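Read the structure below first, then the notes.
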Amino acid sequence: MRFPYLSDLLYWQIMAEKIIYEDDFWYTTLRSVVDRYIKGSFRKWRITGLEKIPTDGAVILSPNHCDALMDPLAVLAMTPGKKVFVARADVFRKPVFRKILTFFKIMPITRVRDGFRNVLDTNDTIEKSIEVLNNRVPFCILPEGTHRSMHSLLPLGKGISRIALGAHRTMPDGAHVYIVPIGCEYGDYYRYRSTLMLTIGDPIDVSAWIEAHPELRDPEMLSAIRTMTAEAMKQQIVWLPDDADYEAMWELAKLQSGQVPECKLQERMQANRDASARLQRLREEKPEQAKALFEKVIRWMEARRGARVALPVTTVRHPLLAALWRTLKGLVTLPFALVYALLSSPAWGVGEKLAAGVEDRTFRNSFRLCALLLVWTLLLIVYAVVLFCTLKWYWALLALVLLLPAPLLAYDWFEQMRRLASAWRWCFNRKLRDLHADLIKDLKSELNEK
């Protein structure tokens, strides 16, 4: 006789016995290493607003959810010290994921879509979350409930407001409960070694707000907390309405902000926000002109993608010179790139093999990260043994230091070669460049730019 839920029941029993917010030897020992791998997943990483995180109460971190597991991992690496997270329960079903997520102090939480039987477990998770906050351990929940690779927000679930209200009512010594909105802005949702801008907003003092509104009933309080949180989160990201014009508006916003270097994350994010706001005003004030512009940009976008031209290369002022410069850099760095690629190929091979089997593209970078963390660490140990056994210690140490970033530099080189191929296709596609020039002319005209 089979018991299909026996393994699940055993797992939940183990989770119930484990106090997830307590110090853990391996967690403390490996966190610095794991954080470096997480940050190494991005070519450029920037955080603003760390000083806004309160230190005088319980803190609920509330980021938007647009890049699967990379969102909580980025929040994890944002500051040192332990944090506790919740993630949707279905990703805990596979043993490998379960072990990794549990190591990162992530608890499962069920959603309405998971079925009534599983939703009964939600109350237990909320009680554990409140216990975490009562012990002053930062707690992170992604309140949208599921990820979506768009510059918008899904309606927030009830979990964050239930946890905040429950923590307020059980907080010892009259300490306050805060919700801290966090915006995760990626340069690209799907490409490894893209960029990430983490923006921390002003904290919402939930306790002060509740005390100031004693006349409200619990359902009204819960609804108001969700509304405040959603509005605060919206202010930390490039937000666009999720409607039929989303693709067109985002393509136009990126064309507008393209002159800002990709490495200037805060400036580029602000340029995207400004462009998005102006396009929304255009749609409201001149709907017919906006419609014509959006139709034109969709035709341009389809033509660009069909020609396999990356958007960043279309914003370069002198495309031929840029392509020549990229070619020269690629040739000069080719020998180093090949050596690094050869040495790190086992790690990348495992990562790409795992990622290829995942249907949801936003999960693939998480697999690449895990593969590097495990395989590349083991390879480094093997390389270290070989080097120190064959070379003098100072040469071995130098070689090992040079080896440390090998998989990241190799990946960056191949990414630049992808951009190089795209740049040359752009240079030789006169029709596409003419379409781009016409689109930019109309865009500037509609936005009253010189």
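Computed from the coordinates by the stated procedures, all read-outs in this text should not be read as laboratory data. Computed from a prediction, not measured in an experiment: that's the story for all the values here. Quick reminder, even Gly has a Cβ in these numbers, built from the backbone with ideal geometry, and neighbours come from all protein chains shown.
Out of Leu265, Ala347, Ile141, whose Cα points farthest toward the positive end of the dipole of the chain (charges: +1 Lys, Arg; -1 Asp, Glu; placed on Cβ)? Farthest towards the positive end: Ala347.
Note on Ala292/Glu262: beta-carbon distance plugged into 1/(1 + (r/R0)^6) with R0 of 25 Å gives a FRET efficiency of 0.25. Here the gap between Trp325 and Val385, fully extended at 0.36 nm per residue and compared with their Cα-Cα distance, gives a gain of 17.7 nm.
Placing +1 on the Cβ of every Lys and Arg and -1 on the Cβ of every Asp and Glu, with no other charges, gives the chain a dipole of roughly 2020 debye about its Cα centre. Stretching the chain fully between Leu397 and Ser32 yields a gain of 129.3 nm (0.36 nm per residue, less the alpha carbon separation). Report summary: the helix-based calculation at 222 nm, which adds -39500 (n - 2.57) for every DSSP H run with n ≥ 4 and divides by the residues of the chain, gives -19000 deg cm²/dmol.
Enclosing the Cα atoms of the stretch 319-358 in their convex hull gives a volume equal to 70 cubic angstrom per residue.
Percent of Cα pairs in the stretch 246-307 per distance bin of 10 Å, from zero to the largest separation: 23, 46, 28, 3. Among the trypsin sites (Lys or Arg not before Pro) found in the stretch 243-347, those both in a DSSP coil and sparsely packed, with 15 or fewer other Cβ atoms within 10 Å of their Cβ, are Lys264, Arg308, Arg317.
With a Förster radius of 22 Å applied to the beta-carbon distance between Val332 and Phe414, the computed FRET efficiency rounds to 0.90. Applying the criteria of a DSSP loop state and at most 14 other Cβ atoms within 10 Å to the chymotrypsin sites (Phe, Trp or Tyr not before Pro) of the stretch 181-231 yields Tyr190. Below 8 Å between Cα atoms, with a sequence gap of 6+, how large is the relative contact order for the chain in percent? Dividing the mean separation by the residue count of the chain yields 16 percent.
Scaled to the globular estimate 2.2 N^0.38 Å, the Cα spread of the stretch 175-328, given as radius of gyration, is 1.35.
For the stretch 6-234, calculate the relative contact order in percent as a whole number, restricting contacts to Cα pairs under 8 Å that are 6 or more residues apart. Relative contact order here is 28 percent.
Compared with the alpha-carbon gap, the fully stretched path from Tyr190 to Asp274 is longer by 27.8 nm at 0.36 nm per residue.
Entry note, the stretch 319-427: relative contact order of 43 percent, from Cα contacts under 8 Å with a spacing of 6+ residues. Mean silhouette area of the stretch 319-427, derived from the convex hull of its C-alpha atoms and averaged over all directions, reads 8.2 nm². List the residues of the stretch 126-142 whose backbone N lies under 20 Å from a point placed 7 Å from the Cα of Glu22 along the Cα-to-Cβ direction. Flagged as within label range: 126-139. Need one word for the chain: rounded, prolate or oblate. Basis is the Cα gyration tensor (sqrt eigenvalues a ≥ b ≥ c); a/c below 1.5 gives rounded, then a/b vs b/c decides. Judged from the Cα gyration tensor, the chain comes out oblate (a/c at least 1.5, b/c at or above a/b).
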